[in-house]
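Where a number appears in this text, it was derived from the coordinates with a stated rule and is not lab data. Being a predicted model, the structure only gives us computed values, none of them experimental. So basically every Cβ, Gly included, is an ideal-geometry build from the backbone, and we count neighbours across all protein chains shown.
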Amino acid sequence: MKNSPSIDEQIEIFRKMHVVRQLEEKLGALHKEGKTRGPIHRCDGQEAIGVAATAMLDDTDYVMSTHRGHAHYIGKGLDVYPVVAEIFGRTTGSCAGRAGHMLVADASKGMIGGNAIVGASIPAATGAALSNQVLGRDAVSMCIFGDGAAQTGICHEAMNMAALWKLPIVFVLEHNQFGLTVDTDMQSPIDDLSIRAAGYGMPSEIVDGNDPVAVYRAVGAMVERARRGEGPGMVEAKTYRLEGFSTSDMGGYQKDEDIAAWKARDPLKVAFDQLKAEIGEDKLKTIEAEAVAEVEAAFDKALSDPFPEFELFNASAAYSEVV
Amino acid sequence: MALMRYAEALNAALREEMTRDPSVFLFGEDIGRYGGVFKVTRGLQEEFGFNRVRDTPISEQAMTAMAVTAAMTGTRPVLEIMYADFMPLTLDALVNQASIYEYIWNGQVKMPFVLRTQGGGGAGAAAQHSKSLDSMVAHIPGIKVVAPSTPADAKGLLKSAIRDDQPVVFLEHKLLYNMRGEVPEGDDVLVPLGAASVTREGTDVSIFATSRMVHESLKAADALAERGISAEVVDLRSLKPLDLNAIKKSIAKTNNAVVVNEGWNFCGYAAEISATIMDFCFDDLDAPVARVTMPDMPIPYSEPLEMAVLPNAEKIVAASLQTLA
């Protein structure tokens, strides 16, 4: 099928999804022990989107992510070790401990970056696409945003300009059913938010966000189209946030039957089933074990790394000479 | 030297920097085909094409956020926000985006963009098109703020702002666009950011002013001279980073300070300059610092009402006399 991932790409997606899941579960466990700092927004159940949507991109392509970006970081090629070190505020973190888990960036990989103002990733990615068009580069920009961000005013402004100027950008709507605690049907009168794309003259497709191959195909088609200079597109990937909004979420508003139904379609299981006939269950279990070991090693190493020393940031000083 | 209007000087700066550096591009409302509502970008779309001089929809929030990431990814955008009164729409992009990334991403990105806007009262444009919100942007760490008061500074500071690797908010004044002045010629004649200018030397009182208030302060200095008082007028020009040495040097000479700014009084830019003077020059002061600002109220429309709220030469004279009393 057109735009399908190769087996090697599919295996890599499977591996990265396990890296992300293990990262989330470790963070959840350490939070319970009181060993994390600040809120952490886990993406359990949403791994297929972040990992598969970014799998066909190059380092020169840009991705703008959200406050729930772990799958986007790993998908875009960041190693798990500097991400873990960043989450624990160490000098060895992607941003030397200055950013924290919501704002991770690695410009060398085109990840710029997490963004914890809901909706802000939409104009951010659009601006990078504008830059690509002004300079005539063939790189594309990808905006990952959620159903909550889709309700912001800036979403309309940015998508209108992206479509108006045929900017090389793909909007990936990670529809996880909640804006913090509020269900999507309490935020919008429509179920399929991507029908709004038609209002901008932009193509869109709805996919099963728990199916990495479906995500890859739909996003890949939009990426190719954008790279050819034919303008933006949107993919709405339906999924479900299995954990709370953040580690500080007290819960009580997600229905048990919904959680059970979506767990039965866990993207890790979907990815496993898609590959088992091709490469065998034993091989997949080995890959899974290696991913778990990689994450364990990253935590061990990061947690023994030093904290940064404080230095004033003089570049933003109020006076033009040192006071 | 060439005699130019303030708007023409800005236009020349844009043309020269776009010619010099192909990564410089402009976007904003009405700036292309029409040449900008204040005519600052006249002729530039014809010369450089739509790709580099873009008319935009009315979308200030997204435009500013887009300038931030365009700047991080290899271009030098110059964004025009038509009125300073629209600046509140740009604030997330400035406060939560542009100002943080160089630091929190540990130097991985630079942020070379300029946000040009114009403010100020006196044109009968009423409460939503007359404000000076200098302190609102100067408050944000990591954002530079510039306010030229002459055609020469308009050109030289805009060229420096475009070449700077940090975000610069460039505050023009609607009543200065037609002002004529001598402008030095040459593509590389820059006015550095962070340097004030002593517009008139004096020995009795220092008047620190911004934008159009520099000209009101010069009129006030003439009136004070008739009373035998020698006022020094310092054009701060670079609101941030601030030229603290120029302030210290002037107060060491005059021992008296008046601060003039068109923004609101409470938590305003003049309040910050006053506090800075207290922090660094207290021992040199003979009297408390005086402020001449806009009262804390909306700007009215009717001419006598608008004139009543705007700072002017008469109010600057009165404040100076009170300081020296």
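Can you tell me the orientation of helix B:151-163 relative to chain B, as the angle in degrees between its alpha-carbon axis and the longest Cα principal axis, to the nearest 10? Value to nearest ten degrees: 50.
If R0 is 41 Å, the Cβ-Cβ spacing of residue B:51 and residue B:267 corresponds to a FRET efficiency of close to 0.50. Counted over chain A, the DSSP beta bridges are approximately 15% antiparallel. State the antiparallel share, in %, of DSSP beta bridges confined to the stretch B:197-324, rounding to the nearest 5. Once the DSSP bridges in the stretch B:197-324 are tallied, antiparallel ones form about 20 percent. Near residue A:230, once Lys and Arg are set to +1 and Asp and Glu to -1 for all other residues with Cβ below 12 Å from its Cβ, the sum equals +3. Contact order, relative form, for chain B: 16 percent (alpha carbon pairs under 8 Å, 6 or more residues apart, mean separation divided by residue count). Cβ-to-Cβ counts within 10 Å put B:200, A:90 in ascending order as B:200, A:90, the fewest first. Looking at the protein assembly as shown, the DSSP beta bridges with both ends there are about 20 percent antiparallel.
For residue A:255, which aspartates and glutamates qualify as cross-link partners when the Cα separation must be under 15 Å and same-chain residues fewer than eight apart are set aside? List returned: A:183, A:185, A:243.
Distance cut-off 19 Å, Cα to Cα: go down the list A:16/A:76; A:26/A:301; A:238/A:283; B:110/B:144; A:76/A:269; A:16/A:285 and report the pairs above it. The answer is A:238/A:283; A:76/A:269. Between the beta carbons of residue A:191 and residue A:273, assuming R0 = 22 Å, the FRET efficiency works out to 0.25 to the nearest 0.05. When both the stretch B:100-156 and the stretch A:190-263 are represented by their alpha-carbon centers, they are found 38 Å apart. Among A:12, A:236, A:296, a tally of other beta-carbon atoms within 10 Å of each Cβ gives an order, fewest to most, of A:296, A:12, A:236.
Eigen-decomposition of the gyration tensor built on the alpha-carbon atoms of chain B gives equivalent ellipsoid semi-axes of 33, 21, 19 angstrom, largest listed first.
Look at the alpha carbon pairs under 8 Å that are at least 6 residues apart: their mean separation over the length of chain A gives a relative contact order of 23 percent.
Averaged over peptide A:131-138, the number of partner chain Cβ atoms lying within 10 Å of each residue's Cβ comes to 6. Per residue of peptide B:174-184, the mean number of Cβ atoms on other chains within 10 Å of the residue Cβ is 0. Across the stretch B:95-109, rounded Karplus estimates of 3J(HN,Hα) from the backbone phi angles (6.51 cos²θ - 1.76 cosθ + 1.60, θ = phi - 60°) give 6, 9, 10, 3, 7, 9, 5, 4, 6, 6, 9, 6, x, 5, 10 Hz, Gly and Pro being marked x.
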